[in-house]
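Structure first, then comments.
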Amino acid sequence: MAKVITLGQFIIQKQADFPYAKGELSRLLRDIGIASKIVNREINKAGLADIIGDVGSINVQGETQKILDVYANEQFISALSAGGECALVVSEENEEVIILNNDVSKNAKYVVAIDPLDGSSNIDVNVAVGTTFSIFRRISKEGEADIKDILQKGTEQVAAGYIVYGSSTMLVYTTGCGVNGFTLDPSIGEFCLSHPNIKIPETGTIYSMNEGNYVHFPEGVKKYIKYCQVEDAATSRPYTSRYIGSMVADLHRNLIKGGVYIYPSTASAPNGKLRLVYECNPLAFIIEQAGGRASNGFERILDIEVTEIHQRESIFIGSTEMVLKAEEFMAEYS
Ligand code: AHG
Ligand code: MN
Ligand code: MN
Ligand code: MN
């Protein structure tokens, strides 16, 4: 029986990667892991607990807020606030930045952006959902955290990760030294290393996008979809179309099997639907660390200037060769 390495043990072992760190980042990752286990417990009994359905409010995104959106948001924010390693939080579910200026947090070294529940529309129908997080070192003086701490380019992230609440619950993260995946063992309540040093296949045969928006897609995306559907044995086409409606779940499948996820501009989302700060940037950091590629069809996601906390961006993310091919069509038909 292979030795079980828990997330906590792994983080401590990897501590050697960060001689300058004195354990704060490790504790911050631990705090996120703890909150995700609490959220996982509620998700696993969503049909029984009174957390199915809508809160009855609209969030800053203009979306109907799910009870589990709010519950997950509360769990992550309280874990970050109590842990004392985070000075400021940006969340999909909060219009403004949350400055954690209690005594333990106000001098913390890090700030966090989070999508507490990704794919909320899937909760009521028992389909996989996720959480995404992005961690930066603060740039403000101690005690004075402010929005500029989080309006940093994706290249400045010190860590990023996601939790996918699927047939099993996994936490996948990077600190810039590769990507590692941990599966929750509910019998011991620990995330255990199950996917060390994940690398995404150079290419793949799965494309993920909401083709219901086809008529409003940019011409380059329409041409790429037709390319995916052409019969060509030499390049294993036609590809397979898979779209879950939770970006984290689609991205995780593509990370393991190879594939591309595209959410381009549409009529209702002229700048794309996904949010740069807490969805595109963390997932782009992970995909690049796993050997993949992430752009907005033209520009590298991690290089995009960040001006607003809920800024939206088109995203083409996954196996390098597939993203490059889609970018070729975007260049040719734009
Ligand atoms: P969220 O549930 O956090 O608002 O994000 C959902 C996102 C992404 O996870 C998913 O791929 C996409 O929205 C689905 O959008 P459509 O329903 O427009 O396809
Ligand atoms: Mn949402
Ligand atoms: Mn989301
Ligand atoms: Mn969300």
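Each peptide in 194-201, 305-312 gets a packing score, the mean of other Cβ atoms within 10 Å over its residues, and the list from highest to lowest is 194-201, 305-312. In order along the stretch 291-296, the phi-based Karplus estimate (6.51 cos²θ - 1.76 cosθ + 1.60, θ = phi - 60°) of 3J(HN,Hα) comes to x, x, 9, 8, 9, 9 Hz; Gly and Pro are listed as x.
Amide H to amide H distances under 5 Å link ARG237 with ASP232, where only residues 5 or more positions off or on other chains count and H is placed in the peptide plane. Of all the options VAL277, VAL127, VAL230, the one that moves most in a Gaussian network model of the chain with Cα springs shorter than 10 angstrom is VAL230. Helix 219-229 and the longest principal axis of the C-alpha atoms of the chain enclose an angle of approximately 80°.
Considering only SER134, GLY154, GLY212, the residue lying farthest towards the positive end of the dipole of the stretch 127-212 is GLY154, judged by Cα position with unit charges set on Cβ. Only helices enter the 222 nm calculation for the chain: every DSSP H run of n ≥ 4 contributes -39,500 (n - 2.57), and dividing by all residues gives -8500 deg cm²/dmol, rounded to 500.
By the rule of a C-alpha distance below 24 Å, with chain neighbours fewer than 8 residues away ignored, the lysines paired with LYS222 are LYS257, LYS273, LYS325. Taking the C-alpha atoms only, the angle from helix 320-332 to the longest principal axis of the chain is near 60 degrees.
Per-residue 3J(HN,Hα) values for the stretch 64-78, derived from phi via the Karplus relation 6.51 cos²θ - 1.76 cosθ + 1.60 with θ = phi - 60°, read 5, 7, 7, 4, 6, 4, 5, 4, 4, 4, 4, 5, 5, 5, 6 Hz in sequence order (x marks Gly and Pro). Applying a DSSP loop filter and a limit of 11 other Cβ atoms within 10 Å to the GluC sites (Glu not before Pro) in the stretch 80-185 leaves GLU95, GLU96, GLU142. DSSP finds beta bridges in the chain, and of those with both partners inside it, around 85 percent are antiparallel. Using alpha-carbon positions, what is the distance between the centroids of the stretch 93-146 and the stretch 239-292, in Å? That distance is 20 Å. Applying the Karplus relation 6.51 cos²θ - 1.76 cosθ + 1.60 with θ = phi - 60° to the stretch 150-157 yields 3J(HN,Hα) values of 9, 8, 9, 5, x, 5, 8, 4 Hz, where x marks Gly and Pro. About its Cα centre, the stretch 1-116 has a charge dipole of approximately 820 debye under the convention of +1 per Lys or Arg Cβ and -1 per Asp or Glu Cβ, with nothing else charged. I want to verify a result. In a Gaussian network model of the chain, Cα cutoff 10 Å, which of these has the top mean-square fluctuation: ASN73, ASN296, ASN213? Of the options given, ASN213 has the highest mean-square fluctuation.
Listing ILE58, ILE99, ILE301 from the residue with the fewest other Cβ atoms within 10 Å to the one with the most, what is the order? The partial results should precede the final answer.
Numbers: ILE58 11, ILE99 18, ILE301 26.
Lowest count first: ILE58, ILE99, ILE301.
Scanning residues 5 or more positions from ASP54 or on other chains, those with amide H under 5 Å from its amide H are ILE67, with H placed 1.01 Å from N in the peptide plane. Which angle from 0 to 90°, rounded to the nearest 10, does the C-alpha axis of helix 247-257 make with the longest principal axis of the chain? Result, in degrees: 70.
Just so you know, all these numbers are worked out from the coordinates, no wet-lab data involved. Note that this is a predicted model, so its numbers are computed, not measured. Every residue, glycine as well, gets a Cβ built from its backbone with ideal geometry; the counts of neighbours run over all protein chains shown.
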